[in-house]
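Engineer: Here it is, the structure in full.
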Amino acid sequence: MEFPGLINYWIVVVLMMTGFYIVIAHNNLVKKIVGLNIFQVSMFTFYITMAKVKGGTAPILAEGIAQYSNPLPHVLILTAIVVGVATTALGLALVVRIRDAYGTVEDDEIEAQENDR
Amino acid sequence: MEMLLDAVSWLLILIGSAFLVVGGIGIVRLPDVFARMHGAGIIDTVGTCAMLLGLMVQAGFTIVTIKLVLIVVFILFTSPTATHALARAALGGGARPQVADSPADADAGEGDSPSKT
Amino acid sequence: MSLMVFMAVIGFAVARLRNLFGVVMLTGIFSLTSAVLYVVLDAVDVAFTEAAVGAGIATVLMLGTLALTTSEEKTVSDNKPLLALLLVTITGAVLIYGTLDMPYYGDPTAPIHHHVAPRYLMDSAYETGLPNVVTSVLASYRGYDTLGEVFVIFTAAAGVLLIIGRPQRGRRRARRDAQWDIEHGIRKNVILRVVSKLLLPMILLFALYVQWHGDFGPGGGFQAGVIFASGFILYALIFDVDLARAVVAPRVSRFFLALGVLLYGGVGVVGALLGGNYLDYSVLARVPTDGQHLGILLVELGVGLTVAAAMITIFFTFASQER
Amino acid sequence: MMFAAAAIATLVTMVLTVYRAIKGPTVYDRILAVNVFGTLTVVLISVHGFLTGRPEFLDLALVYALINFIGTIAVSKYVEYSHMGRPSGGDELGDI
């Protein structure tokens with residue numbers, strides 16, 4: 001456990017880079033949404049690691065416990081997760097609609113079709 | 001009494017751990033999906049149940065034990081069902097069990113053999 | 001231990017560069033891992049939400065999209081990855097440089113733990129009378145935030161309806177498919193049917209438990225809504241989407257979608273009419289703590305209704321798409 | 001001590017499972033791996049509750065025990081019946 005105290009942030013950054021990379025480098029729209037999801041999860045993890053206090057426990061009050069972790073980031077992320085899935089659904093709906101309109105979900109093919117017009 | 005309970009739960013947890021790891025090795029090492037399901041079955045039933053039973057012994061007669069019992073019951077319901085659905089899907093999708101001597105056996109056993117027992 | 005879980009997370013993240021179907025599966029594992037991680041980091045409520053969302057709905061939606069589009073990704077094109085890699089590396093480097101000033105992991109003296117959190121932790125027990133600080137912050141102290149989030153969910157569901165929710169073409173084909181499904185499909189599978197019939201009431205009951213127990217343990221409207229919707233999704237998966245639509249008509253789910261938001265806003269308005277601030281529940285009953293209790297309960301109910309209805313609506317919209 | 005041993009065993013098994021999920025080779029292996037991983041998550045969350053001395057958060061594990069099923073069913077259904085209503089080239093199961 002006694003690691004250099006910043007390593008969790010670095011891991012979050014790496015995770016975020018992965019998501020970011022997927023969003024930029026892949027042409028498939030579904031894959032891009034997955035990338036966005038990873039990005040999102042990295043942000044969630046970031047908040048949650050910040051909320052942790054060493055020696056604390058979950059912020060549900062009980063007798064005889066003095067140290068709790070910070071509840072505020074938990075609240076923010078809790079709502080963000082559900083909102084995240086709702087917006088993901090919206091994005092996926094857009095993908096489905098794009099598939100209807102263009103017959104493909106590859107970014108570059110759509111662009112080619114657009115240029116042909 | 002305390003000692004005895006501790007010993008029992010140690011034993012159960014050790015059994016559980018051993019079966020979990022064995023199942024995990026099975027999942028990695030066995031040759032095809034149908035064989036790997038055996039590994040999954042070990043994890044899902046013996047491993048998990050022994051582990052949770054050990055925890056129950058530790059918890060004593062509290063709400064925690066009731067929840068653990070519920071978890072065990074649900075896992076015993078869902079995971080064989082899920083595996084069954086998966087086996088059906090795999091059969092329907094063209095995967096065939098690897099059979100030692102003759103490939104004809106595999107065709108004969110197709111259909112309902114994985115679903116019964 | 002948390003580190004090990006972390007490592008695993010990266011493992012998948014890297015391994016993610018694959019075929020789409022595998023990607024969805026890996027996303028499932030990813031979400032499971034992150035839930036464990038949240039538990040380890042004491043965020044039980046968050047883990048609860050992730051559990052409810054990640055295990056069921058997210059996977060199902062992804063699969064629905066794959067079924068409607070394609071499950072195979074075309075190979076990545078030529079020179080783009082290098083550029084992208086460069087950009088990503090630079091961003092990462094900058095961010096890592098930024099983290100050098102961050103407080104260490106678990107440091108109790110970090111600034112984040114000294115602004116408002118101590119007040120929540122110290123006073124919420126007296127002010128709202130609830131042991132679960134997360135719930136009281138969610139519903140009472142930061143009620144505006146949550147109201148906003150509920151609106152976002154509402155809007156997302158409405159957006160999905162607008163984008164792909166128009167009346168479907170080719171009804172006859174749908175019926176023929178349904179016929180096929182009855183004869184050969186998953187409904188013929190007795191084991192699945194029996195087990196899910198057994199499980200379904202459990203899931204719904206458990207959702208209600210989570211809803212009402214959220215004040216005292218992990219749980220609340222968001223989680224309960226998602227679990228409730230998962231029950232219906234299971235029904236729709238095992239039996240038939242049309243059948244499930246007959247159980248929960250689109251009209252009904254849309255009604256509840258709006259009702260939840262209205263309930264949330266309405267509680268605020270009632271509070272304002274009784275002389276408090278908007279979304280101040282202390283005035284709802286004679287004893288402020290009771291008022292808080294009532295307000296939080298109602299607000300969570302509103303959240304639960306909206307989330308459940310939104311998820312059901314979204315799922316049905318996806319499931320009844322024709323291609 | 002006892003719980004730590006249990007947690008470590010679970011983690012080891014998780015790693016093995018993840019290896020299978022990443023490696024493939026067929027889509028069914030992955031589904032299997034995800035399913036098992038879900039069960040392992042249930043175990044790990046329960047054990048962690050005892051490890052930290054606050055075992056009252058088992059609701060979470062309960063959610064997984066109930067909900068994990070749905071994901072697997074959805075995947076199996078999708079894989080098994082995805083040929084339905086798919087115009088062309090849909091029969092391949094989409095995995096290399």
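The values are calculated or read from the model by the stated rules, or taken from the named source; none is laboratory data. Keep in mind that this is a model prediction, so the values were computed, not measured. Counting neighbours? That spans all protein chains shown, and the Cβs are built from the backbone with ideal geometry, glycine included.
Engineer: Condition first: over 11 Å from C:VAL53 (Cβ atoms) and among the polar types (S, T, N, Q). Now tell me which residues in the range A:76-103 satisfy that.
Structural biologist: A:THR79, A:THR87
Engineer: Does the range D:11-32 hold any residues that are facing chain B (nearest Cβ under 7 Å) and of a type outside the set (Lys, Arg), and which are they? So that I can check it myself, show each step before the final result.
Structural biologist: As a first pass, look at the range D:11-32 and keep what is facing chain B (nearest Cβ under 7 Å): D:12-13, D:16-17, D:19-20, D:26, D:28-29, D:31-32.
Across the range D:11-32, the qualifying residues are D:VAL12, D:THR13, D:LEU16, D:THR17, D:TYR19, D:THR26, D:TYR28, D:ASP29, D:ILE31, D:LEU32.
Engineer: From B:GLY23, B:GLY41, B:GLY54, grab the single residue that is closer than 15 Å to D:VAL47 by Cβ, at pLDDT 85 or above and surrounded by 14 or more Cβ atoms within 10 Å (Cβ to Cβ).
Structural biologist: Unique residue meeting the criteria: B:GLY54.
Engineer: Give the range C:221-236 a look and list any residue that's β-branched (Val, Ile, Thr) and either within 15 Å of C:SER196 (Cβ to Cβ) or more than 10 Å from chain A (Cβ to nearest Cβ) (or both), or say none.
Structural biologist: Restricting attention to the range C:221-236, the residues satisfying the condition of being β-branched (Val, Ile, Thr) are C:226-227, C:233.
Those that are β-branched (Val, Ile, Thr) and either within 15 Å of C:SER196 (Cβ to Cβ) or more than 10 Å from chain A (Cβ to nearest Cβ) (or both): C:ILE227, C:ILE233.
Engineer: Kindly indicate which of C:GLY148, C:GLY98, C:GLY54 is in a helix (DSSP H, G or I), within 30 Å of C:PHE316 (Cβ to Cβ) and out of contact with any helix residue (DSSP H, G or I) (no Cβ under 7 Å at 6 or more places or on another chain).
Structural biologist: C:GLY148
Engineer: Name the residues in the range B:58-81 that are more than 7 Å from every other protein chain (Cβ to nearest Cβ) and either aliphatic (A, V, I, L, M) or in contact with a strand residue (DSSP E or B) (Cβ under 7 Å, 6 or more places away or on another chain) (or both), would you?
Structural biologist: Listed by number, the residues that qualify are B:ILE63, B:ILE66, B:VAL69, B:VAL72, B:VAL73, B:LEU76.
Engineer: From the list C:PHE232, C:PHE222, pick out the single residue that is within 15 Å of the chain's Cα centre (by Cα), surrounded by fewer than 24 Cβ atoms within 10 Å (Cβ to Cβ) and not acidic (Asp, Glu). Full working, then the answer.
Structural biologist: On the way: C:PHE222 fails: surrounded by fewer than 24 Cβ atoms within 10 Å (Cβ to Cβ).
From the options C:PHE232, C:PHE222, the qualifying one is C:PHE232.
Engineer: I'm checking my understanding of the structure. Among residues of the range C:56-102 that are modelled with pLDDT under 75 and not charged (D, E, K, R), which one is surrounded by the most Cβ atoms within 10 Å (Cβ to Cβ)?
Structural biologist: Across the range C:56-102, the extreme among qualifying residues is C:SER71.
Engineer: Could you tell me whether the range C:271-281 includes any residue that is of a type in the set (Phe, Trp, Tyr), in contact (Cβ under 8 Å) with a residue 12 or more places away in the chain and under 27 Å from C:LEU205 (Cβ atoms)?
Structural biologist: Among the residues of the range C:271-281, not one is of a type in the set (Phe, Trp, Tyr), in contact (Cβ under 8 Å) with a residue 12 or more places away in the chain and under 27 Å from C:LEU205 (Cβ atoms), which makes the answer no.
Engineer: Continuing with this model, one more query. So how many residues does the range A:61-117 have that are assigned to a helix (DSSP H, G or I) and among the small types (Gly, Ala, Ser)?
Structural biologist: Count: 8.
Engineer: Let me ask something additional. Just one of D:ILE73, D:ILE8 is at the interface with chain C (Cβ under 9 Å from one of its Cβ atoms), modelled with pLDDT of 80 or more and crowded, with 24+ Cβ neighbours inside 10 Å; which is it?
Structural biologist: Selected residue: D:ILE73, the only one of D:ILE73, D:ILE8 that is at the interface with chain C (Cβ under 9 Å from one of its Cβ atoms), modelled with pLDDT of 80 or more and crowded, with 24+ Cβ neighbours inside 10 Å.
Engineer: A further question follows. Being of a type in the set (D, E, K, R) and in contact (Cβ under 8 Å) with a residue 24 or more places away in the chain is the filter here, so list the residues in the range B:14-72 that pass it.
Structural biologist: Correct list: B:ASP32, B:ASP44.
Engineer: Restricting to the range A:89-107, give me the number of residues that are touching a Leu at 6+ places or on another chain (Cβ under 7 Å) and more than 7 Å from chain C (Cβ to nearest Cβ). If you could, list the steps in order and put the result at the bottom.
Structural biologist: Pass one, the range A:89-107, residues touching a Leu at 6+ places or on another chain (Cβ under 7 Å): A:89, A:92, A:95-96, A:98-99, A:105, A:107.
Filter once more, so that each one left must be more than 7 Å from chain C (Cβ to nearest Cβ): A:98, A:107.
So the count comes out to 2.
Engineer: Another question, if that's okay. Can you tell me which residue is nearest to C:ASP123 (Cα to Cα) among those in the range A:32-77 that are hydrophobic (A, V, I, L, M, F, W, C) and free of Cβ contacts under 8 Å to residues at least 12 places away in the same chain?
Structural biologist: The qualifying residue nearest to C:ASP123 (Cα to Cα) is A:LEU61.
Engineer: From the list C:LEU199, C:LEU130, exactly one residue is among the aliphatic types (A, V, I, L, M) and at pLDDT below 80. Which is it?
Structural biologist: C:LEU130
Engineer: Here are the criteria: (1) free of Cβ contacts under 8 Å to residues at least 60 places away in the same chain; (2) more than 7 Å from every other protein chain (Cβ to nearest Cβ). Tell me which single one A:LEU29 does not satisfy.
Structural biologist: So the condition that A:LEU29 fails would be (1).
Engineer: Being more than 25 Å from A:THR104 (Cα to Cα) and surrounded by 24 or more Cβ atoms within 10 Å (Cβ to Cβ), is that true of even one residue in the range A:3-14?
Structural biologist: yes
Engineer: Okay, moving on. Can you name the residue in the range C:211-262 that is free of Cβ contacts under 8 Å to residues at least 40 places away in the same chain and among the β-branched types (Val, Ile, Thr) and is also farthest from C:GLU300 (Cα to Cα) among such residues?
Structural biologist: By that ranking, first place goes to C:VAL247.
Engineer: OK, next. Look at D:LEU44 and say whether it is modelled with pLDDT under 85 and surrounded by 24 or more Cβ atoms within 10 Å (Cβ to Cβ).
Structural biologist: Against the criterion (modelled with pLDDT under 85 and surrounded by 24 or more Cβ atoms within 10 Å (Cβ to Cβ)), D:LEU44 does not qualify.
Engineer: Determine which member of the set A:THR45, A:THR57 is under 23 Å from A:LEU15 (Cβ atoms) and within 8 Å of another protein chain (Cβ to nearest Cβ).
Structural biologist: A:THR45
Engineer: Right, D:PHE3: at the interface with another protein chain (Cβ under 7 Å from one of its Cβ atoms), of a type in the set (Phe, Trp, Tyr) and either over 23 Å from B:ALA89 (Cα atoms) or touching a Ser or Thr at 6+ places or on another chain (Cβ under 9 Å) (or both) or not?
Structural biologist: Taking the combined requirement at face value, the residue does not satisfy it.
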